[in-house]
Amino acid sequence: MIKNYNFSYLSETEMLKVCGGGAKHIGNNIRDLRYANKITQYQLAKILHVTQSTIAHYENGTRIPDIDNLMDIARNLRADMNIMTSFHDDGMS
(Lines give C-alpha, C1' and ligand atoms only; values in the text may rest on other atoms or scores of the structure.)
Protein backbone atom coordinates (compact mmCIF):
# COMPACT_ATOMS: atom_id res chain seq x y z
CA MET A 1 0.00 0.00 0.00
CA ILE A 2 1.33 3.44 -0.92
CA LYS A 3 0.64 6.16 1.59
CA ASN A 4 0.25 9.76 0.54
CA TYR A 5 2.28 11.76 3.05
CA ASN A 6 1.64 15.47 3.40
CA PHE A 7 5.01 17.17 3.79
CA SER A 8 3.66 20.70 3.34
CA TYR A 9 4.36 21.47 7.01
CA LEU A 10 8.09 20.74 6.67
CA SER A 11 10.69 23.43 6.15
CA GLU A 12 12.92 23.17 3.07
CA THR A 13 15.78 21.91 5.27
CA GLU A 14 13.57 19.22 6.81
CA MET A 15 12.24 18.25 3.37
CA LEU A 16 15.77 17.79 2.02
CA LYS A 17 16.59 15.54 4.98
CA VAL A 18 13.47 13.45 4.31
CA CYS A 19 14.44 13.18 0.65
CA GLY A 20 17.90 11.91 1.60
CA GLY A 21 20.01 15.00 1.04
CA GLY A 22 21.56 16.83 3.94
CA ALA A 23 23.44 20.11 3.75
CA LYS A 24 26.85 18.43 3.51
CA HIS A 25 25.76 16.00 0.79
CA ILE A 26 24.19 18.74 -1.27
CA GLY A 27 27.28 20.90 -0.80
CA ASN A 28 29.55 18.07 -1.93
CA ASN A 29 27.37 17.51 -4.99
CA ILE A 30 27.42 21.22 -5.89
CA ARG A 31 31.21 21.28 -5.55
CA ASP A 32 31.69 18.09 -7.58
CA LEU A 33 29.37 19.28 -10.34
CA ARG A 34 31.02 22.70 -10.39
CA TYR A 35 34.43 21.05 -10.78
CA ALA A 36 33.07 18.80 -13.53
CA ASN A 37 31.81 21.91 -15.35
CA LYS A 38 35.20 23.61 -14.83
CA ILE A 39 33.85 26.79 -13.29
CA THR A 40 34.92 28.63 -10.16
CA GLN A 41 32.80 29.54 -7.18
CA TYR A 42 33.03 33.14 -8.33
CA GLN A 43 31.75 32.28 -11.83
CA LEU A 44 28.84 30.24 -10.45
CA ALA A 45 28.00 33.05 -8.03
CA LYS A 46 27.86 35.57 -10.89
CA ILE A 47 25.54 33.31 -12.88
CA LEU A 48 23.22 32.88 -9.88
CA HIS A 49 23.41 36.52 -8.75
CA VAL A 50 24.75 35.60 -5.31
CA THR A 51 28.12 36.15 -3.65
CA GLN A 52 31.07 33.80 -3.88
CA SER A 53 30.76 33.46 -0.10
CA THR A 54 27.23 32.07 -0.52
CA ILE A 55 28.52 29.37 -2.90
CA ALA A 56 31.28 28.53 -0.39
CA HIS A 57 28.68 28.18 2.38
CA TYR A 58 26.60 25.85 0.19
CA GLU A 59 29.63 23.71 -0.64
CA ASN A 60 30.80 23.57 2.98
CA GLY A 61 27.34 22.51 4.15
CA THR A 62 26.86 25.52 6.42
CA ARG A 63 23.87 26.66 4.34
CA ILE A 64 21.35 24.91 2.14
CA PRO A 65 20.17 26.75 -0.96
CA ASP A 66 16.44 27.36 -1.08
CA ILE A 67 14.56 25.29 -3.62
CA ASP A 68 14.61 28.01 -6.29
CA ASN A 69 18.38 28.46 -5.98
CA LEU A 70 18.90 24.70 -5.93
CA MET A 71 16.93 24.41 -9.17
CA ASP A 72 19.00 27.24 -10.71
CA ILE A 73 22.22 25.56 -9.62
CA ALA A 74 21.08 22.22 -11.08
CA ARG A 75 20.09 23.84 -14.37
CA ASN A 76 23.34 25.78 -14.69
CA LEU A 77 25.47 22.76 -13.78
CA ARG A 78 23.45 20.54 -16.12
CA ALA A 79 22.33 18.22 -13.35
CA ASP A 80 19.09 16.56 -12.31
CA MET A 81 17.57 17.55 -8.97
CA ASN A 82 17.83 13.90 -7.89
CA ILE A 83 21.59 14.12 -8.29
CA MET A 84 21.74 17.42 -6.43
CA THR A 85 20.03 15.99 -3.35
CA SER A 86 21.46 12.47 -3.37
CA PHE A 87 24.20 10.98 -1.23
CA HIS A 88 27.24 9.43 -2.91
CA ASP A 89 29.96 7.66 -0.90
CA ASP A 90 32.62 8.30 -3.51
CA GLY A 91 31.74 11.65 -5.03
CA MET A 92 29.57 11.81 -8.12
CA SER A 93 30.22 8.32 -9.46
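The values are calculated or read from the model by the stated rules, or taken from the named source; none is laboratory data. It should be emphasised that the depicted structure is a prediction, and the values quoted were computed from it without experimental measurement. We work out accessible area using only protein heavy atoms, side chains counted, and drop any ligands, DNA or RNA first. Shrake-Rupley method; radii C 1.70, N 1.55, O 1.52, S 1.80 Å.
Observations on the model:
- Pairs of alpha carbons in the stretch 44-84 separated by more than 11 Å make up 63% of all such pairs.
- Order of exposure, largest accessible area first, which applies to TYR58, TYR35 with probe 1.4 Å: TYR35, TYR58
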